[in-house]
Amino acid sequence: MIGWLIRGLLFMAGIITGMLISKDDNHFEVVQMMVAIGLFTLLAAVLAFMPVAKQWRKRKDSQKD
């Protein structure tokens, strides 16, 4: 399961990096890994704050009543 997640992140990072720099550039792999780490961090932040957002919605809905 985690292998598919990593593969998907690297695939998306390759697409994003390909838009920014040429694949023939010597630093393509380094930039691709930096983009992949950024995507992983973004995914972790979204998953970490998702329960908090649900609690905020519940609290907001209860205050309306």
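A few comments on the model shown:
- Two-site label geometry, Val52 and Ile2: point separation in nm, points 7 Å out along Cα→Cβ: 2.4
- Portion, in percent, of the accessible area of the chain that falls on carbon or sulfur, probe 1.4 Å: 69
- Largest to smallest accessible area among Ile16, Ile2, Ile37 [probe 1.4 Å]: Ile2, Ile37, Ile16
- 1.4 Å probe accessible area per residue over the chain, in Å²: 88
- Projecting the Cα positions of Gln55, Val30, Leu10 onto the charge dipole of the chain (unit charges on Cβ atoms of Lys, Arg, Asp and Glu, taken about the Cα centre) puts Gln55 furthest along the positive direction.
- Solvent exposure of Lys54, expressed as accessible area, is near 110 Å², computed with a probe of 1.4 Å over the protein chains only.
- Correct choice for log10 I(q)/I(0) by the Debye sum over Cα atoms at q = 0.15, 0.18, 0.25 Å⁻¹ that was computed from the model, options (1) -0.47, -0.63, -1.00; (2) -0.71, -0.80, -0.97; (3) -0.59, -0.70, -0.99: (3)
The values are calculated or read from the model by the stated rules, or taken from the named source; none is laboratory data. Please read all numbers here as calculations on a predicted model, not as lab measurements. Reconstructed Cβ throughout: ideal geometry from the backbone, glycine too, with neighbour counts over all protein chains shown. In case anyone asks, the SASA skips ligands and DNA or RNA and just uses the protein heavy atoms, side chains included. Shrake-Rupley method; radii C 1.70, N 1.55, O 1.52, S 1.80 Å.
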